[in-house]
Amino acid sequence: SIYVKKAQYQAQYTLADSTTKDSLIKSARAYLLKTVSEEVFPKWYGTPWDFNGTTRNPRQGKIACGYFVNNVITDLGFKIPRVKWSQSASEVFIKKLAPNDIKRFSNRPIEEVKRYLLKSGDGLYVVGLDIHVGFILVEAGKAKFIHSSYYQPDIGVMEEDLVAGNPLGDSDYRVIGKLFTDEMMVKWINGIAY
């Protein structure tokens with residue numbers, strides 16, 4: 001259904017004037033945020049974590065953190081080098097996805113990170129940590145950390161509060177990129193590869 005919707009946006013975008021294109025970008029962004037939050041993430045919840053996990057099917061097999069993040073981005077219809085990025089340091093692909101919207105925190109309390117995210121507004125963020133990667137979803141003034149957890153490998157993919165005892169709170173380094181920028185949405189609508 002995501003690919004059908006993407007094709008509809010692409011057909012409209014091709015014929016649109018600049019004002020209508022801006023409106024389509026905003027609409028597509030809202031669609032992807034709702035889809036990832038209500039459909040894609042819930043399907044992955046409960047998929048066990050494994051350092052070597054590469055499953056493409058939620059709740060079948062095991063999934064490492066980088067593969068989870070890049071599977072979700074691929075499942076949303078973005079054309080990325082999924083395997084290559086899943087095996088690289090998270091900052092490498094965060095820079096490619098959000099080149100102009102990155103924030104780094106080194107040895108800062110998680111409460112400071114949370115304040116930054118809430119101030120930055122609703123949206124989907126990818127966060128790279130010392131040895132981990134995941135998503136932060138900010139909706140209606142609440143932030144959730146969604147990741148394939150090596151702290152609880154049997155549960156694996158889960159949603160947690162930012163300040164819970166988890167890799168996000170325990171990491172010394174955090175690099176955060178906001179996804180679904182206008183540039184990213186234009187690439188999604190037009191099927192442009194990274």
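The values are calculated or read from the model by the stated rules, or taken from the named source; none is laboratory data. Here the structure is a predicted model, which means the values were calculated and not measured. Quick reminder, even Gly has a Cβ in these numbers, built from the backbone with ideal geometry, and neighbours come from all protein chains shown. Ligands, DNA and RNA are stripped out before the accessible areas are found, and what is left, the full protein with its side chains, is counted by its heavy atoms. Shrake-Rupley method; radii C 1.70, N 1.55, O 1.52, S 1.80 Å.
A few notes on this one:
- The number of residues in segment 138-180 being farther than 16 Å from residue 49 by Cβ, touching a residue at least 12 places away in the same chain (Cβ under 8 Å) and part of a strand (DSSP E or B) comes to 11.
- Segment 17-42: number of residues that are surrounded by 15 or more Cβ atoms within 10 Å (Cβ to Cβ) and over 18 Å from residue 179 (Cβ atoms): 1
- For segment 106-137, the set of residues classified as under 20 Å from residue 29 (Cβ atoms), part of a loop (DSSP other than H, G, I, E, B) and either open to solvent by 40 Å² or more (accessible area, probe 1.4 Å) or of a type in the set (D, E, K, R) (or both) consists of 122 only.
- Of all the criteria given as (1) of a type in the set (A, V, I, L, M); (2) in a loop (DSSP other than H, G, I, E, B); (3) free of Cβ contacts under 8 Å to residues at least 24 places away in the same chain, the one not satisfied by residue 11 is (2).
- Any hit, segment 19-36, residues being modelled with pLDDT of 95 or more and in contact with a Lys or Arg (Cβ under 6 Å, 6 or more places away or on another chain): no
- Cβ-Cβ under 9 Å pairs, at least 6 apart or on other chains, segment 31-57 side in contact (Cβ under 8 Å) with a residue 24 or more places away in the chain, far side surrounded by fewer than 17 Cβ atoms within 10 Å (Cβ to Cβ) and of a type in the set (S, T, N, Q): 35/1; 47/57; 47/60; 49/152
- Answer from 68, 93, 78 - the residue that is open to solvent by less than 50 Å² (accessible area, probe 1.4 Å), touching a strand residue (DSSP E or B) at 6+ places or on another chain (Cβ under 7 Å) and not β-branched (Val, Ile, Thr): 68
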